[in-house]
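Q: Submitted below is the structure of interest, expressed as structure tokens.
The values are calculated or read from the model by the stated rules, or taken from the named source; none is laboratory data. What you see is a predicted model; the values in this text were computed from it and never measured. For neighbour counting, all protein chains shown are included, and Cβ atoms are generated from backbone atoms with ideal geometry for every residue, glycine included. Side chains included, ligands, DNA and RNA excluded: accessible areas come from the protein's heavy atoms. Shrake-Rupley method; radii C 1.70, N 1.55, O 1.52, S 1.80 Å.
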Amino acid sequence: MLIEQATTDPQLLAIARKVYANERITPEEGIYLYDHGELSYLGILANHVRERKNGNRTYFNRNFHIEPTNLCVYDCKFCSYSRLIKQRSDVSAWEYTMDDMFNIVKQYDGQPVTEVHIVGGVLPQYDMPFYEAFFRRIRAHRPDLHIKALTPVEYHYIFKKAKVSYEEGMQRMREAGLDSMPGGGAEIFHPEIREQIAADKCNAEQWLRIHEIWHEMGMRSNATMLYGHIENSFHRIDHLERLRQLQDKTGGFQTFIPLKFRNQDNQMSNVPESTTVEDLRNYAVCRIYLDNFDHLKAYWPMIGRHVAQMSLAFGVDDIDGTIDDTTKIYSMAGAEEQNPALTTEELVNLIRRVGRQPIERDTLYNVVTDYTDVVFEEDKQWRGYFELPVVK
Ligand code: V47
Ligand code: SF4
């Protein structure tokens, strides 16, 4: 079908022509897409961008998480995971020692994981010397394991406490073994919303500045947006625009991860969650708007594996990793996946069953294994669709 036949709205058609001509859309056009773009129309455009950038390839990795603590000096209203320090004696609170955390790393000895993702609450004892020593310990034990750790929320706090500049702090983290930064802590940048949901942690400018410094050092990071609560399309586009501008400057972001607000057991439980239709529309607009980001990730523990499959038709080309039930952030917020863990075979099958090519990547998107022509025994019944050889 010609795109001209898919809408009678001249503004949507003008945006589609730009997308097909590989031209950037404006913030006003982004807002228009959010407010007027119907799901299937957005899907056509976003899939076009996805296939232009990544073809049919769909990435995942083999990773595990370490969450040092769920106690936190901050009090983000959407957070179901953290306990304030005054709740230290709560049975659901934990504070790992460095040995506890190192033992988690050692559990993966001999296993083909490529990445450890470290993020959790902010507490005074997890300071700069603590993380420098921990990264060095991981690096010495397992030099090949990519350390993707902490966000500007933690870095802003620990650098301030250590009385070092962002520049010196990030340099020291690099020297200790940090390989990349995950995308958390971004929430919604616009102060109108940020001050209501995450007033006391680093602000938008500080978040963006720490990523900029890291990129200037030649390093890579991710970015997120926590959507589907009290923000509107203007705030979402403001968020995406700030990221697009920084990416124009540095090119250091690898992937963008929209994070759906989950409302269980937090101070915003009265705010209803977004619908699946809105989740898919959001992936699509993000894919269309962020023309200078190579990848768009659906984080399956948060969205659930079935919506993650659907998202692959709405601009997404990455579904994160095996995770091995090592994160609590989303299960505590009410996500479908209460014990998130998928084997490599399950991830491969999940991707292939919606007609995409499964590729295991490392954190920097180097191909580890291309599973395009590999069908596992348990997925034999799907052979008819893809006519692929069976691997025993
Ligand atoms: O910053 C916390 C979010 C983030 C809730 O870089 C919530 O590869 C929804 O950033 N509902 C941390 N979201 C997780 C994160 C992340 C996850 C996966 C991959 C990567 C990556 C990064 O989790 C926080 C916050 O935005 N969050 N509580 C909640 N109730
Ligand atoms: Fe702390 Fe992060 Fe939760 Fe905010 S989102 S309260 S910074 S753990």
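Q: Answer yes if at least one residue in segment 260-268 is charged (D, E, K, R), closer than 20 Å to residue 34 by Cβ, away from ligand 2 (no atom under 16 Å from the Cβ) and touching a helix residue (DSSP H, G or I) at 6+ places or on another chain (Cβ under 8 Å), and no otherwise.
A: no
Q: Take segment 185-206 and flag every residue that is among the hydrophobic types (A, V, I, L, M, F, W, C) and under 18 Å from residue 72 (Cα atoms).
A: If the condition is that a residue be among the hydrophobic types (A, V, I, L, M, F, W, C) and under 18 Å from residue 72 (Cα atoms), then 186, 197, 198, 199, 202 are the ones that fit.
Q: Out of curiosity, is residue 28 open to solvent by less than 60 Å² (accessible area, probe 1.4 Å) and either outside the structural domain of residue 319 (by TED's automatic domain parsing) or at negative phi (or both)?
A: no
Q: Being under 23 Å from residue 166 (Cα atoms) and more than 16 Å from ligand 2 (Cβ to nearest atom), is that true of even one residue in segment 221-236?
A: Yes, that holds for at least one residue.
Q: Mind counting the residues in segment 128-152 that are open to solvent by 10 Å² or more (accessible area, probe 1.4 Å) and either part of a helix (DSSP H, G or I) or within 21 Å of residue 205 (Cβ to Cβ) (or both)?
A: Residues in segment 128-152 being open to solvent by 10 Å² or more (accessible area, probe 1.4 Å) and either part of a helix (DSSP H, G or I) or within 21 Å of residue 205 (Cβ to Cβ) (or both): 9 in total.
Q: Follow-up question, since we're still on this one. Quick one: which of 74, 41 is under 28 Å from residue 308 (Cα atoms), of a type in the set (Phe, Trp, Tyr) and surrounded by 14 or more Cβ atoms within 10 Å (Cβ to Cβ)?
A: 41
Q: Which numbered condition trips up residue 95, out of (1) open to solvent by 40 Å² or more (accessible area, probe 1.4 Å); (2) assigned by TED's automatic domain parsing to the domain that holds residue 234; (3) within 30 Å of residue 349 (Cα to Cα)?
A: (3)
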